[in-house]
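Visitor: Input: one structure, supplied below.
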Amino acid sequence: MTNNVAKTAPTALVDKFGRTVDYVRLSVTDRCDFRCVYCMAEEMTFLPKADILNLEEIELIATAFANLGVKHIRLTGGEPLVRHNILSLIQNIGKLESLKELTITTNGSQLEKLALPLFDAGVERINISLDSLQEQRFKNITRTGNLHQVLKGIDAAIDAGFKRIKINAVILKGRNDDEIIDLVNFVRDKKIDIAFIEEMPLGLIDEHNRKITFFSSDEIKALINQHYPLTTSTATSSGPSNYYQMNDSDSRIGFISPHSHNFCHLCNRVRVTVEGRLLLCLGNEHSVDLKSVIRNNPDNIELLQQTIIDAMDLKPERHHFSLDDEPQIVRFMNTTGG
Ligand code: SAM
Ligand code: SF4
């Protein structure tokens, strides 16, 4: 595209609470080869093709954000690696000069073949979701996933040489909370990191009751502490994890605790759905339609950038996730871009 070389001077994106936004999560698809119980319904209707951004449009949005001073873009979904021609998009975003980091969150199913090309395209860090090391349980949680395929993908990522690899694990009481130490031992063995995530109430699910399956970061931390004393790590990622270190391993343990430890005051991020909706907060519906700006004004990256700057005023102060009410946010995580 010719218009995306028209760079403006980097303008920091700052919201009305003084938070600088320098991190964007771009969802490149709402589709996925898995149907994780906390993320999707078993029968999902995916978006029609005409409604989703094409790869050039996604690249234009990435360029606009980079021009506006965004330093870190994470590609997510749905499963980003099932999007047709995703590597070409990644290669192009990887070439954006002002971007410091391009990262990706994946379920690992395609990594056996794609880990090395991703690394070559400039992806430095990768997050891989893994909630269980037991085959049948993994299948029950993901509904369609194959544990061995994912484990091979994790090994391929380790061999490819990424700077850091992090496992993301959502812990659900009664389903996989007895595997917390096994997962810690797994990352210690592989010399990679792990983040434990509290389940968020996104989308209505009937498969389990989120109030009953909720397992807090503090409970997880206390359990790990009995086996491996944890000390606060100075490591930061650009995300909301609090990191801890064990005294005999380089693996870091992070906790993402949207319920128990609100991190909104530190929020430095926005999301763009694959429909081109700029979401100002994971837990609120405030959004701006970037797709119609692009489609009504092709070749006008300045207008797109101005729309993004103006949208910062809509960023709400905090989310209000609650386990007591019906989910306020009716979109599932796969359409949000996790
Ligand atoms: N398909 C990729 C994957 O699974 O890693 C990327 C998208 S997925 C939506 C991103 C992350 O969101 C995953 O680590 C997943 O476990 C997490 N996730 C999905 N639904 C969630 C929910 N309701 N609460 C907390 N985390 C969730
Ligand atoms: Fe797919 Fe990721 Fe959602 Fe699981 S968490 S269904 S792998 S998008």
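Visitor: Ranked highest first by average number of other Cβ atoms within 10 Å, how do 249-257, 57-65 line up?
Guide: 57-65, 249-257
Visitor: Just need the Rg to Rh number for the range 99-154, please, alpha carbons only, Kirkwood Rh.
Guide: Taking Rg over the Kirkwood Rh, I get 1.04.
Visitor: Quick check on my link table: of LYS113/LYS221; LYS100/LYS291; LYS190/LYS221; LYS139/LYS291; LYS166/LYS291, which ones sit more than 27 Å apart, alpha carbon to alpha carbon?
Guide: Violating the 27 Å Cα-Cα cut-off are LYS113/LYS221; LYS139/LYS291; LYS166/LYS291.
Visitor: Provide, for q = 0.08, 0.11, 0.12, 0.13 Å⁻¹, the log10 of I(q)/I(0) from a solvent-free Debye sum over equal Cα point scatterers in the range 13-336.
Guide: Here the Debye-derived log intensity ratios amount to -0.34, -0.68, -0.82, -0.98.
Visitor: Counting only residues 5 or more places away or on other chains, whose amide H sits under 5 Å from the amide H of ASN268 once H atoms are built in the peptide plane?
Guide: It is none; the list stays empty.
Visitor: Can you figure out the FRET efficiency of ASN185 with GLU56, using R₀ = 45 Å and their beta-carbon distance, to the nearest 0.05?
Guide: Efficiency computed from Cβ-Cβ geometry: 0.50.
Visitor: Let me ask something else. With θ set to phi - 60°, apply the Karplus curve 6.51 cos²θ - 1.76 cosθ + 1.60 along the range 113-126 and write out the HN-Hα couplings as whole Hz, x wherever there is a Gly or Pro.
Guide: Using θ = phi - 60°, the values come out as 8, 9, 4, 5, x, 5, 4, 5, 7, x, 6, 9, 10, 9 Hz.
Visitor: What order do you get for LYS139, LYS291 when you list them from fewest to most C-beta neighbours inside 10 Å?
Guide: LYS139, LYS291
Visitor: Quick one: putting +1 on the C-beta of Lys and Arg, -1 on the C-beta of Asp and Glu, what dipole do you get for the range 13-336 around its Cα centre, in Debye to the nearest 20?
Guide: 420
Visitor: Shifting gears a bit: Towards the positive end of the charge dipole of the range 13-336, with charges on Cβ (+1 Lys, Arg; -1 Asp, Glu), say which of THR234, THR20, LEU87 has the farthest Cα.
Guide: About the Cα centre, the residue reaching furthest to the positive side is THR234.
Read-outs throughout are calculated quantities, based only on the coordinates presented, and are distinct from any laboratory measurement. Nothing here was measured: the structure is a model prediction, and the numbers come from that model. Don't worry about glycine lacking a Cβ; one is built from the backbone with ideal geometry, like all the others, and counts go over all protein chains shown.
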